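So the structure is just underneath, and the comments pick up after that.
No value in this document is a laboratory result; all are computed from the given coordinates. Small disclaimer: the values here were computed from a predicted structure and weren't measured. Heads up, the Cβs are rebuilt from the backbone with ideal geometry, glycines too, and the neighbour counts pull from every protein chain shown.
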Amino acid sequence: MAMISNLTIDQGSSFSVDIDVSDADGDPLNLSGYTASGHMRKTYSSSTFTDLNASIANETGGVVRITLNPTQSNAIKAGRYVYDVEITKTATSEVTRVVEGQIDVTPGVTR
């Protein structure tokens, strides 16, 4: 079952968050041989999405990182969105959702 974590992104700012992925015993999952991906959408059924630039930040420490640069976050309309991040074991194509929740994008003033 995926962890639930709600996030806030400041429009026009750099954004980065690390997600700790653990095994059933609570130990960091070895993410060697895994890839990560994540999307945010206005609603679960929206056809358009924003890529969250998910990557494996620390293979042996079980850390997945999601990022947006200022240009990317500025292109997102202020409001509430849903998101999730998945890891894929490349050897077997097994997909696991590791985190999901809501993202609030707060409007920016400085351009």
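For the chain, adding -39500 (n - 2.57) for each run of n ≥ 4 DSSP H residues and dividing by the number of residues yields -1000 deg cm²/dmol at 222 nm. Normalised by 2.2 N^0.38 Å, where N is the number of residues, the C-alpha radius of gyration of the stretch 53-99 stands at 1.41. Note on the chain: dipole from Cβ charges, positive end direction compared against Ser37, Asn74, Val63; the farthest Cα belongs to Asn74. Between Ala24 and Met3, the contour length at 0.36 nm per residue exceeds the alpha carbon distance by 6.3 nm. With the simple model of a label 7 Å out from the Cα in the direction of the Cβ, Thr96 to Ser55 spans 2.2 nm.
Size descriptors for the chain: radius of gyration and Dmax over Cα atoms are 14.4, 46 Å.
In this Cβ point-charge picture (+1 for Lys and Arg, -1 for Asp and Glu), the chain has a dipole of about 680 debye about its Cα centre. Here the stretch 1-56 was treated as a single set of alpha-carbon atoms; its pair distances binned every 10 Å from 0 give 16, 46, 29, 8 percent. For the chain, modelled as a GNM whose springs connect Cα atoms under 10 angstrom apart, the maximal fluctuation among Ser32, Ser45, Ser14 occurs at Ser45. Under 5 Å from the amide H of Ile9 lie the amide H atoms of Asp104, Val105, Thr106, each residue being 5 or more positions distant or on a separate chain, with H modelled from the backbone and absent for Pro and chain starts.
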